[in-house]
Each structure stands twice: as structure tokens, then as C-alpha cells.
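Each remark here refers to the structure printed beneath this line.
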Amino acid sequence: MGQKKKAVFFDFGDTLASTQPSYLTRIAMAMRKAGYRVSDLEFERAYIKADYELYKMYKAQGKISPQEYREWFFPILCSYLSITDNPQSVRIKTREALREINFKRATLPGATELLESLKERGFRLVVISNNDGKTEEKCEEVGIRHYFDLIADSTKLDLIKPDSRIFHFVLSKLNIYPEEAIHIGDLYGSDVMGGLNAGLEVIWFNQRQIDEPNGKNVTKVKNLTEIKNIITTST
């Protein structure tokens with residue numbers, strides 16, 4: 001992996017931790033409760049495609065705000081799901097149904113061991129999350145907050161992946177160059193293309209085994225143990 005790395009950046013949701021049922025599964029469940037025939041797999045694929053579409057829109061205009069991401073995402077998602085109802089109406093119905101679905105949050109298998117290993121080897125660790133302003137509390141909840149030098153939450157910073165500005169904010173805080181960091185995440189547009197566009201090397205945590213939307217050759221893994229091995233042998 002090129003130049004020796006000093007820092008490893010992680011997405012949070014569905015990368016280091018997840019809910020049971022997972023976030024994407026819960027939304028698919030909520031959409032079914034709201035009357036839309038959407039399978040879990042269809043929803044996951046549509047979500048990945050919509051996120052990548054947002055990356056392309058970001059590239060076309062040079063920046064994207066959290067508000068723009070939220071406003072643009074759901075209509076695109078509905079189009080990929082072939083849902084023709086008004087997207088705002090679909091969003092409201094889905095949110096209402098989502099409130100009725102109980103869940104628990106926990107780290108994903110291998111997450112704590114990976115963080116422990118990287119920390120022991122001297123890497124600076126960061127979370128960069130498109131989240132609701134409570135990423136730090138969620139890290140505390142699953143027992144991993146103490147591993148991180150910095151937690152960058154899109155809502156608190158008013159910056160959002162895939163926009164390079166959120167990655168560059170973290171790089172400036174750590175006083176390192178892009179080539180000295182690796183970013184790891186599950187979303188192809190926000191994490192993979194966003195990280196690459198910011199000048200970082202990336203690892204795509206593709207546990208869903210979804211094909212790359214643009215066929216780009218990137219390092220991808222199915223579990224967190226693989227990530228430990230890649231960073232161990234490449235830096």
C-alpha cells in the first residue's frame with residue numbers, strides 16, 4: 001500500500017459497528033411496513049447505487065453539503081427501487097414505520113481486535129461518519145471510543161462524505177498528508193470514491209458482496225480480519 005501509513009480512518013455504521021437488524025435491513029423492513037414491496041437485497045443494491053450517484057453529483061458541482069445529500073438521496077433511492085410515489089411521502093411513511101422496529105447496537109466481528117492491533121502498532125485512528133451528531137456516543141455504547149484520536153461526525157462538522165473537505169479536515173487535525181492515511185468503509189460512493197478523491201488509499205469493506213458500480217479496481221475485503229492482514233503486510 002504505497003507510502004508508510006501513519007493513520008487509519010474508519011467509517012462507523014456497518015463498518016466498525018452495526019445494529020441488529022442492520023440499518024439498511026431496518027429501512028427495507030420499514031418500507032415494507034409502509035406498503036412497498038422491497039427485498040433486503042434489492043434495497044442494499046439500490047442504496048449502494050444511490051450513494052454512488054451522489055458521489056457523481058458531488059464531482060459535477062465540486063462540493064456537497066449534508067443538507068444536499070439528504071435532499072437528493074431519497075428521490076434517487078426511490079428511482080432505483082422503481083417506487084413512483086412522491087419521495088417525500090415515501091420518506092415520511094418509512095420514518096414512521098422505522099420507529100416501530102427495535103434494534104440493538106454492537107461492534108462487528110473482529111472490530112475490537114483490529115482496533116487493538118492497529119493502536120498497539122502506533123497508528124492514529126479516526127472515525128469519519130455520515131451520522132446524526134451522536135457518533136461519539138455510539139462509539140461509547142459499543143466500547144470503542146478510547147481507540148480514537150478524533151471522531152468526525154458529518155452533522156457536527158456540517159461536512160459529509162464523499163466531499164473531500166471532511167477528509168481534509170481530519171488530515172489537517174492530524175497534521176499528515178493524504179498518502180499517509182488509509183480510509184476504510186462500506187459505502188462505495190461515500191467511502192471508496194470519496195476517500196480516493198481526497199487522495200487517500202482505501203479499503204472497501206464489501207461484506208454485502210456487491211459489484212463495484214464503476215468497475216474500479218480497489219482493495220476490498222469481506223471481513224475485518226482481512227483488513228488487519230492487509231495493513232500488517234503493506235505498511
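Laboratory data are not the source of any read-out in this text; all were calculated from the coordinates shown. Here the structure is a predicted model, which means the values were calculated and not measured. With ideal geometry, Cβ positions are generated from the backbone for all residues, glycine too; neighbour counts draw on all protein chains shown.
Taking 0.36 nm per residue of sequence separation and subtracting the Cα-Cα distance, how much length would be gained by fully extending the chain between Glu113 and Glu226, in nm to one decimal?
39.5 nm is the gain from fully extending Glu113 to Glu226.
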Overall Cα dimensions of the chain, principal axis frame, Å, largest first:
50, 38, 32
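Pairs of lysine in segment 21-98 with Cα under 27 Å and at least 8 positions apart or on different chains: total?
On the way: Lys33/Lys49; Lys33/Lys93; Lys49/Lys59; Lys49/Lys63; Lys49/Lys93.
Total qualifying Lys-Lys pairs in segment 21-98 comes to 5.
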Place the peptides 96-102, 54-60 in order of packing, highest mean first, counting for every residue the other Cβ atoms within 10 Å and averaging per peptide.
54-60, 96-102
Given backbone amide H placed at 1.01 Å from N, residues whose amide H is under 5 Å from that of Lys220, ignoring those fewer than 5 places away on the same chain, are Trp204
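Quick check for me: using +1 on Lys/Arg Cβ and -1 on Asp/Glu Cβ, what's the dipole size of the chain about its Cα centre, in debye to the nearest 20? Show your work: numbers first, answer last.
Details: 34 positive and 32 negative charges, 23 e Å.
It comes to approximately 120 debye.
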How big is the gap, in Å, between the Cα center of segment 39-115 and the Cα center of segment 160-235?
19 Å
Two pseudo-spin positions, 7 Å from Cα along C-beta at Glu137 and at His168, lie apart in nanometres by 3.2 nm
14 Å beta-carbon shell around Ile210, net charge (K/R +1, D/E -1):
-3
Selection from Tyr69, Gly110, Ile151 lying farthest towards where the dipole of segment 43-154 points positive, charges on Cβ:
Tyr69
Once phi is turned into ³J(HN,Hα) by the Karplus curve 6.51 cos²θ - 1.76 cosθ + 1.60 with θ = phi - 60°, what whole-Hz value does each residue of segment 127-135 show in order, with x for glycine and proline?
9, 10, 10, 7, 9, 9, x, 10, 4
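Divide by every residue of the chain the summed helix terms, -39500 (n - 2.57) for each DSSP H run of at least 4, and state the resulting mean residue ellipticity at 222 nm, rounded to the nearest 500 deg cm²/dmol. Intermediate values should be presented prior to the final figure.
Working: 10 runs with 107 residues, N = 235.
Calculated mean residue ellipticity at 222 nm is -13500 deg cm²/dmol.
Could you compute the net charge surrounding Ser39? Neighbours are other residues with a C-beta less than 11 Å from the C-beta of Ser39; K and R count +1, D and E count -1. List each step's numbers first, then the result.
Working: positive: Arg32, Arg37, Arg45; negative: Asp40, Glu42, Glu44.
Net of charged neighbours comes to 0.
Can you order the peptides 109-119, 153-163, 216-226 by their average number of other Cβ atoms within 10 Å per residue, highest first? Let's see the in-between values first.
Numbers: 109-119: 17.6, 153-163: 21.4, 216-226: 14.5.
By packing density, highest mean first, the sequence is 153-163, 109-119, 216-226.
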Return the inverse of the average 1/r over all pairs of distinct C-alpha atoms in segment 21-98, which is the Kirkwood hydrodynamic radius, in Å to one decimal.
12.8 Å
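Assign unit charges at the C-beta atoms only (+1 for Lys and Arg, -1 for Asp and Glu), then state the dipole size of segment 112-182 relative to its Cα centre in Debye, rounded to the nearest 20.
On the way: 10 positive and 14 negative charges, 33 e Å.
Roughly 160 debye, rounded to the nearest 20.
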For Lys5, list the lysines whose Cα falls under 23 Å from its own Cα; do not include residues on the same chain fewer than 8 positions away.
Lys119, Lys161, Lys173, Lys216, Lys220, Lys222, Lys228
Taking Lys6 as the anchor, which aspartates and glutamates have their alpha carbon closer than 14 Å to its alpha carbon, excluding any fewer than eight residues away along the same chain?
Glu120, Asp149, Glu179, Glu180, Glu201
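With only Lys, Arg, Asp and Glu charged, each at its Cβ (+1 for the first two, -1 for the last two), find how big the charge dipole of segment 21-98 is about the Cα centre; round to the nearest 20 debye.
Magnitude of the dipole: close to 60 debye.
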